[in-house]
Amino acid sequence: MFCPKCGVEFVEGITTCSDCGLELEVEPPPTPEGKFVEWVTILADRNYGRTGLAESILQAEGIEYVTEGDNTRWTELNEPVRVCVHPEDVERAKKKLDELLVGDQEE
Ligand SMILES: [Zn+2]
């Protein structure tokens, strides 16, 4: 028996997860491996010039990234554009961005 939320396996006879309190299922939840791509936000900024620069840096470094909120609808709501990379690239990407964006932060 498996918890659908945390994926912990329980012995037969137990019906709810001790951590989540959810009802256990016979099948384990699908493994994230190879299916689900996790993104980590490394920059959230309303300044398109800055996020654009970040994108070009990541591109130049060959770091895979996605941007979220990069359209007019979000701009109207004054939502920051988020630049996200894979967890394994976070440190490398942040280091590169820090080098170029240092001293240029609002707040
Ligand atoms: Zn659980």
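The values are calculated or read from the model by the stated rules, or taken from the named source; none is laboratory data. Remember, it's a predicted structure, so these values are computed and weren't measured experimentally. No Cβ is skipped: glycine too gets one built from the backbone with ideal geometry, and neighbour counts run over all protein chains shown.
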Residue identified as modelled with pLDDT of 90 or more and part of a loop (DSSP other than H, G, I, E, B) among GLY34, GLY21: GLY21
Evaluate segment 84-99: report whether one residue or more is over 16 Å from GLY49 (Cβ atoms), in contact with a His (Cβ under 7 Å, 6 or more places away or on another chain) and either modelled with pLDDT of 75 or more or assigned to a loop (DSSP other than H, G, I, E, B) (or both). no
When segment 7-25 is checked residue by residue, the ones that are near the ligand (Cβ under 7 Å from one of its atoms) and loosely packed, with under 12 Cβ neighbours inside 10 Å are ASP19
Does GLY62 satisfy the criteria of being modelled with pLDDT of 90 or more, exposed (fewer than 14 other Cβ atoms within 10 Å of the Cβ) and within 19 Å of the chain's Cα centre (by Cα)? yes
